[in-house]
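Engineer: This structure is in structure tokens; I'll ask about it shortly.
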Amino acid sequence: MNRTMKAITVYGPNDMRLERVAMRPLKDDEVLVKVEWTGICATDIAIYTGNSSFVKSGEIKYPCRIGHEWSGTVEETGSAVKNFKKGDRVITDNGVSCGECEMCRSGRRFECTDIRSVGTINCWDGCYAEYMYMPECHTYHISDNVSLEHAALAEPLSIALGAVKKYDITENSTVAVIGTGAIALGAAALAGIKRARNVIVIGRKDFKLNAALQCGATHVINSTKEDAVRRVREITGSRGADLVIESSGGADTVNEAMNIAAKRGTVAMPAFYERTLDGFAVDTLVSKELTVKGVMGEFGLVPEAASYLAKGLPVDGMITQRIELEDVPEFFAHAHETGGTRIKAMVRINK
């Protein structure tokens with residue numbers, strides 16, 4: 001019997017449709033997962049509007065089934081699957097290796113030359129759907145003490161973890177985070193759990209900065225009310241931050257990150273800017289001998305991020321809205337109006 005499911009597809013800019021689509025046969029090495037929770041990411045919104053730089057470059061093509069932050073329970077397993085059974089609670093990597101290139105055939109799937117990103121570049125169908133198909137090798141168990149809703153945060157937390165790991169944080173370190181989205185707050189929480197002396201979050205909305213304090217920030221700075229560079233210098237005795245994580249995606253905050261960083265400090269950039277940047281402070285970078293590192297998702301970071309959730313990483317302050325699958329098209333149509341009141345919106349896929 002042919003099976004169908006409800007799923008959301010973006011057919012073009014501002015053209016999102018919730019439809020009933022056909023389900024394909026399950027491959028031998030795959031698990032079929034009933035999606036429970038999905039997080040709404042700024043990248044999803046950029047794909048929806050057509051403003052994503054990857055849409056403009058052709059790396060993301062319409063139609064695209066978006067969504068890459070999710071958790072669920074195993075519904076069915078392929079004949080070759082050994083480590084999962086129906087009912088297991090799982091999360092997955094945010095990319096899928098091809099299984100056929102030389103790297104994959106030699107067991108080095110993490111170095112695959114044709115990775116398909118979940119819901120984005122070279123798209124593997126995303127998680128705004130009742131079910132997901134995923135290879136067993138990219139699927140991970142969730143600790144029993146982590147809720148499925150919190151487990152869906154493991155993907156953005158993995159990006160935050162990628163940024164935090166760009167510097168060897170010690171108890172003497174100062175970490176400054178620019179931005180107050182889920183990745184920023186996750187970075188603050190992770191820096192706190194790694195016992196950084198100062199964890200400074202810089203943003204423009206007091207309610208988001210209060211959430212940052214719930215997630216482990218030691219200091220918050222509202223950049224609309226005080227000079228962030230001056231305040232960071234006051235906190236650090238004029239030295240600046242050893243690690244600056246620029247997660248806001250704002251062109252002006254890139255230069256702010258350079259100015260906040262200590263001499264020979266590190267600036268990690270996990271955001272997409274959706275534009276080329278003019279006025280980049282190259283001389284500041286050179287004179288302070290800064291290290292600037294881009295941050296993308298990496299295989300293996302999602303389960304590592306989930307291990308921090310199991311240890312009690314504080315994330316409650318990140319979730320600001322909860323909606324149902326049927327509400328998603330309307331939510332996206334008005335997302336530009338709600339950005340100032342949103343940190344992480346979660347979608348309940350299956351009730």
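Engineer: Whose amide H sits under 5 Å from the amide H of residue 274, counting only residues 5 or more places off or on another chain, with H placed in the peptide plane?
Structural biologist: Result for residue 274 returns 53.
Engineer: Ordered by packing density, taken as the mean number of other Cβ atoms within 10 Å over each peptide's residues, highest first, how do 237-249, 134-146 rank?
Structural biologist: 237-249, 134-146
Engineer: For Cα extents along the principal axes in Å, the choices are (1) 68, 41, 38; (2) 63, 47, 33; (3) 78, 41, 33; which was calculated from the structure?
Structural biologist: For Cα extents along the principal axes in Å, the calculated option is (1).
Engineer: Please list 49-60, 329-340 highest first by mean number of surrounding beta-carbon atoms within 10 Å per residue.
Structural biologist: 49-60, 329-340
Engineer: In a Gaussian network model over the chain where Cα atoms closer than 10 Å are linked, find which of 212, 262, 251 has the largest mean-square fluctuation.
Structural biologist: 251
Engineer: Can you check what the net charge comes to around residue 55, using other residues whose Cβ is under 10 Å from the Cβ of residue 55 (Lys, Arg +1; Asp, Glu -1)?
Structural biologist: Residues near residue 55 contribute 0 overall.
Engineer: Which of rounded, prolate or oblate describes region 147-245 when judged by the alpha-carbon gyration tensor and an a/c cut-off of 1.5?
Structural biologist: oblate
Engineer: Here's another thing I want to ask about it. Which is farthest toward the positive dipole end of the chain among 137, 9, 203, measuring Cα position about the Cα centre, with Cβ charges +1 (Lys, Arg) and -1 (Asp, Glu)?
Structural biologist: Value: 203.
Engineer: Sticking with this structure for a sec: Determine the sum of side-chain charges near residue 171: Lys and Arg each +1, Asp and Glu each -1, restricted to other residues whose C-beta is under 10 angstrom from that of residue 171.
Structural biologist: +3
Engineer: Follow-up question, since we're still on this one. Can you give the % of DSSP beta bridges in the chain that are antiparallel, to the nearest 5?
Structural biologist: About 55 percent, rounded to the nearest 5.
Engineer: HN-Hα J couplings of region 276-292 from phi, Karplus 6.51/-1.76/1.60, θ = phi - 60°, integer Hz, Gly and Pro as x?
Structural biologist: Couplings: 7, 9, 9, x, 5, 7, 5, 5, 5, 4, 5, 5, 8, 6, 7, 9, 10 Hz.
Engineer: Of the listed pairs 205/351; 82/166; 6/27, which have alpha-carbon separations greater than 23 Å here?
Structural biologist: Too far apart for the 23 Å limit: 205/351; 82/166.
Engineer: Also: Please give the Cα centre distance for region 32-57 versus region 230-285, rounded to the nearest Å.
Structural biologist: That distance is 26 Å.
Engineer: What residue among 113, 266, 180 shows peak mean-square fluctuation when the chain is described by a Gaussian network model with Cα springs under 10 Å?
Structural biologist: Maximum fluctuation in the GNM of the chain, among the listed residues, is at 113.
Engineer: Another one. What is the sum of charges around residue 149, taking Lys and Arg as +1, Asp and Glu as -1, for the other residues whose C-beta is under 12 Å from the C-beta of residue 149?
Structural biologist: +1
Engineer: Any idea how far the Cα center of region 306-351 sits from the one of region 129-196, in Å?
Structural biologist: 15 Å
Engineer: Where does the chain land at 222 nm, in deg cm²/dmol rounded to the nearest 500, when only DSSP H runs of n ≥ 4 count, each adding -39500 (n - 2.57), divided by all residues?
Structural biologist: Taking each H run of at least 4 residues, the total per residue is -7000 deg cm²/dmol.
Read-outs: derived from the displayed coordinates by stated rules, not from any lab. These numbers were taken from a predicted model, which means no experiment stands behind them. Every residue, glycine as well, gets a Cβ built from its backbone with ideal geometry; the counts of neighbours run over all protein chains shown.
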